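**Q** Once you've had a glance at the structure underneath, I'll fire off some questions.
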Amino acid sequence: MAYGLRDEEPDRDGDEAQAALRDSDEASRALARVQGILEEDLRRTKDHPVERTEEGDAAQPLTVEAAKELRAVLEDLHPADIAWVLEALPLDERLAVWEQVRHESDGDILVEVNDGVRETLIDAMDRDELVDAVETLDTDEIADLADDLPPDVMAQVQEGLSHEERAQLRAAISYPEESVGSRMDFEMVSIREEVSIDMVLRYLRRFDALPDHLDQIFVVDRFGHLRGTVAVAKLLTSDPEVRVRDVMRTDGLTLNPLDDASDAAQAFERYDLVTAPVVDEAGRLVGRLTVDEVVDVIREESEEDAFGAVGLDDEQDLFGSVWESAKSRWVWLGVNLCTAFFASRVISAFDGTIERVVALAALMPIVAGMAGNSGNQTLTLLVRSLAMGQVTEANKRDLLRKEIGVAVINGVLWGVIAGLCAWALYWDAPEGKTLGIVMCLAMLLNILQGAVVGLAVPLVLKKLGRDPAMGGSVLLTFTTDSGGFLIFLGLATFFFA
């Protein structure tokens, strides 16, 4: 909800949550206590049936005493901590705990949990419970849940919104998922440039509570076009008789609803921002982006990169369906199987060489492993730089030259060391010296190959419009293994022919 200087005092639904000091281990301690209560309850009643609460069909039935203990643990927890606890529990225990959560917290928890867990919680709720939970949320939070809610629930929730809130909800849903518009907050305070600081301060005192993360107030004209911003700290330290236009800034960062949320997150990090105004193509103020959403963007991208590198979905339920989890991993397991068979065929093509020099079989994994590690370093560096927007057409060649140079230096250094080690291990064999030379050359060439692949994979994926981190480790491992075996055994065949 946007608050304008000439508006009546806003009627905010519900009381604001009272701030509390928390520490980073609170959720971990709560999870341990919840698991302890569930285990003790199961053990205590295994052979002594007692009165139990009524739970859903899939929920672990609880005794009245255990339910009371769980409510005591959950009562003072932040919704984000409860969400974290629920994500760490198997389905039956999760639903049993979900039944003990205060219903006024349901909506906030649904916003916090990942998509996989949210689906299980929504399935366990009836229509009225869902409507009651969602109606407690702001429009930007309702938009986050829109895709997961049944159509009839969304329809009823929209009926309870004001005309302005329905318009905000439609706007938020209409923007692409990874855009600023899909993550912007509609709660903001706007003022006119011709009013005095004293009038602004008196206006702010009318609110029972101000929007979260309010570090600056937006200055607009009578048509809603953004004119500038005023820091709250500036309001408190300026002469009350001074006009807003005399203290406002006009050079601050502004965002467009269609801007990429990742780019906006980088701007927040670069300029140490807490909030930023979001304006449409006509220059009208439509919302603001806040630092808490930016932190979510950064966390989600980090998880996407980590899971995407090995072909996993970052939003899956840790304790989801075994069958569905297995199916979600088939693609990359199938790729791995094909690459493993390819590598085995490379090795089998040099059976004669391996039979003559058995030591080659023991040295092959070293060549592949070193090149894989080196290539992963290059891959990780490039993926991060692409995500930060630091790789451009102008500097791409310089980056490629630099990484190839690093690979050559490391290949020569560690190739010599590996060659000397191989020579030392087989010094008493007739082929010991030649093994050292083969090992040195193979290490150099495979590390160089790993660097090339580590550079090529993310750049090609980026050009194709895909996530540069997707499957990069799998493709790199395939190349350094199969290519490494081919290089090593090919060199050995040449030198021992």
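**Q** D317 passes all but one of (1) at pLDDT 85 or above; (2) within 21 Å of the chain's Cα centre (by Cα); (3) of a type outside the set (A, V, I, L, M, F, W, C); which number fails?
**A** Failed condition: (1).
**Q** What about I437, is it over 26 Å from V383 (Cα atoms) and β-branched (V, I, T)?
**A** yes
**Q** Moving to a separate point now. Which one is farthest from the chain's Cα centre (by Cα), of the residues in the stretch 392-408 that are open to solvent by 30 Å² or more (accessible area, probe 1.4 Å) and within 23 Å of T477 (Cβ to Cβ)?
**A** Among them, the one singled out is V408.
**Q** Within the set of pairs 6+ apart or on separate chains, which have a first residue in the stretch 325-342 that is under 17 Å from T479 (Cβ atoms), a second that is charged (D, E, K, R) and in a helix (DSSP H, G or I), and C-beta atoms under 8 Å apart?
**A** T339/D481
**Q** Within the stretch 284-306, can you find the residues that are part of a strand (DSSP E or B) and either free of Cβ contacts under 8 Å to residues at least 40 places away in the same chain or out of contact with any Ser or Thr (no Cβ under 8 Å at 6 or more places or on another chain) (or both)?
**A** Selection gives R284, V286, G287.
**Q** Still on this structure: Looking at D132, D128, D108, can you tell me which residue is in a helix (DSSP H, G or I) and either closer than 20 Å to F186 by Cα or in contact with a strand residue (DSSP E or B) (Cβ under 9 Å, 6 or more places away or on another chain) (or both)?
**A** On inspection, the qualifying residue turns out to be D108.
**Q** Can you find a residue in the stretch 228-235 that is in the same structural domain as V200 (by the TED database) and in a loop (DSSP other than H, G, I, E, B)?
**A** No; the residues of the stretch 228-235 include none that is in the same structural domain as V200 (by the TED database) and in a loop (DSSP other than H, G, I, E, B).
**Q** So which residues in the stretch 259-273 are surrounded by 14 or more Cβ atoms within 10 Å (Cβ to Cβ), within 25 Å of G224 (Cβ to Cβ) and not charged (D, E, K, R)?
**A** Passing the criteria: A261, A264, A267, F268, L273.
**Q** Quick check, is A172 part of a helix (DSSP H, G or I), in contact with a helix residue (DSSP H, G or I) (Cβ under 6 Å, 6 or more places away or on another chain) and either without any contact (Cβ under 8 Å) to a residue 40 or more places away in the chain or open to solvent by less than 30 Å² (accessible area, probe 1.4 Å) (or both)?
**A** So A172 fits the description; yes.
**Q** Quickly run through the stretch 287-302 and pick out the residues that are in contact with a Phe, Trp or Tyr (Cβ under 6 Å, 6 or more places away or on another chain) and of a type in the set (K, R).
**A** none
**Q** Of everything in the stretch 343-369 that's under 17 Å from G450 (Cβ atoms) and of a type outside the set (A, V, I, L, M), which residue is least open to solvent (accessible area, probe 1.4 Å)?
**A** The residue in question is G369.
**Q** Just one of (1) part of a helix (DSSP H, G or I); (2) free of Cβ contacts under 8 Å to residues at least 12 places away in the same chain trips up D251, so point out which.
**A** (1)
**Q** When both residues are 6+ apart or on different chains and their Cβ atoms are under 6 Å apart, which pairs have a first residue that lies in the stretch 420-435 and is within 17 Å of T353 (Cα to Cα), and a second that is of a type in the set (V, I, T)?
**A** So the pair list comes out as E431/V357.
**Q** Considering only the stretch 466-483, I want to know if a residue exists there that is in contact with an Asp or Glu (Cβ under 8 Å, 6 or more places away or on another chain), at pLDDT below 85 and under 24 Å from T392 (Cβ atoms).
**A** For the stretch 466-483, residues in contact with an Asp or Glu (Cβ under 8 Å, 6 or more places away or on another chain), at pLDDT below 85 and under 24 Å from T392 (Cβ atoms): present.
**Q** What is the one condition in (1) outside any helix (DSSP H, G or I); (2) at pLDDT 55 or above that A30 does not satisfy?
**A** A30 satisfies every listed condition except (1).
**Q** Within the stretch 139-159, how many residues are under 20 Å from E178 (Cβ atoms) and assigned to a loop (DSSP other than H, G, I, E, B)?
**A** Qualifying residue count for the region: 0.
**Q** Could you say which residue among L459, L425, L441, L445 is closer than 18 Å to S374 by Cα and at pLDDT below 90? Break it down into steps so the answer makes sense when it comes.
**A** Numbers: L425 fails: closer than 18 Å to S374 by Cα; L441 fails: at pLDDT below 90; L445 fails: at pLDDT below 90.
Exactly one residue qualifies, and that residue is L459.
The values are calculated or read from the model by the stated rules, or taken from the named source; none is laboratory data. Since this is a predicted model, take the numbers as computed values, not measurements. Reconstructed Cβ throughout: ideal geometry from the backbone, glycine too, with neighbour counts over all protein chains shown. These accessible areas exclude ligands, DNA and RNA; they are computed on the full protein's heavy atoms, side chains included. Shrake-Rupley method; radii C 1.70, N 1.55, O 1.52, S 1.80 Å.
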